[in-house]
Amino acid sequence: QVQLVESGGGLVQAGGSLRLSCAASGSIFSLNAMAWYRQAPGKQRELVATITSGGSTNYADSVKGRFTISRDNAKNTVYLQMNSLKPEDAAVYYCNVGVVTEFPLRYREIWGQGTLVTVSS
């Protein structure tokens, strides 16, 4: 079994920064693509950023130039550095990881529990 534990959310003023972390643990054979999504109240969950196992990244237009996704494969962790935060960035942020588990060897997509980001204007 594989679990994801997210941390780093909180309250920040507009223009401020936060760094989210999502650590995977358990029966991991390998980690594939990792991503961050967010869901604001009354809105659908949206993709924020992705990073492949090779380190290629993609971002939603709304966060390009402000957010940076990165990963530490040795720590099985993905990060989201969020700078110049805006009130419209406020949401619950979820990490999503493609993982190949051991015993049995099988691919799964796993979600974190979510971490709340609040941005005051």
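The values are calculated or read from the model by the stated rules, or taken from the named source; none is laboratory data. Since we're looking at a predicted model, the values are computed, not measured. Don't worry about glycine lacking a Cβ; one is built from the backbone with ideal geometry, like all the others, and counts go over all protein chains shown. SASA here: full protein model, heavy atoms, side chains in, ligands and nucleic acids out. Shrake-Rupley method; radii C 1.70, N 1.55, O 1.52, S 1.80 Å.
Inside the range 32-67, can you point out the residues that are open to solvent by less than 80 Å² (accessible area, probe 1.4 Å), small (G, A, S) and free of Cβ contacts under 8 Å to residues at least 12 places away in the same chain? Steps first, answer last, please.
First, the residues of the range 32-67 that are open to solvent by less than 80 Å² (accessible area, probe 1.4 Å): 32-40, 46-57, 59-60, 62-63, 66-67.
Within this subset, residues satisfying the condition of being small (G, A, S) are 33, 35, 40, 49, 53-56, 60, 62.
Answer for the range 32-67, where residues must be open to solvent by less than 80 Å² (accessible area, probe 1.4 Å), small (G, A, S) and free of Cβ contacts under 8 Å to residues at least 12 places away in the same chain: G54, S56.
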With the checklist (1) in a strand (DSSP E or B); (2) loosely packed, with under 15 Cβ neighbours inside 10 Å; (3) not polar (S, T, N, Q) in hand, flag the one item L4 doesn't pass.
(2)
Please identify the pairs in which a residue from the range 68-95 that is within 20 Å of L4 (Cα to Cα) and of a type in the set (G, A, S) has its Cβ atom under 7 Å from the Cβ atom of a residue that is part of a strand (DSSP E or B) and open to solvent by 40 Å² or more (accessible area, probe 1.4 Å), counting only partners at least 6 apart or on another chain.
A91/Q39
Among the residues of the range 92-115, count how many are on the phi < 0 side of the Ramachandran plot and open to solvent by less than 60 Å² (accessible area, probe 1.4 Å).
13
Residues in the range 69-91 that are of a type in the set (S, T, Y), surrounded by fewer than 17 Cβ atoms within 10 Å (Cβ to Cβ) and within 12 Å of the chain's Cα centre (by Cα): how many?
1
Take residues that are acidic (D, E) and tell me which of the strands (runs of 3 or more DSSP E) falling wholly in the range 36-102 contain 2 or more.
none
Checked S121, S62 against criteria (modelled with pLDDT of 95 or more, farther than 28 Å from Q1 by Cβ and of a type in the set (S, T, Y)); the one match is S62
Any chance S25 is without any contact (Cβ under 8 Å) to a residue 60 or more places away in the chain, assigned to a strand (DSSP E or B) and under 24 Å from V99 (Cβ atoms)
yes
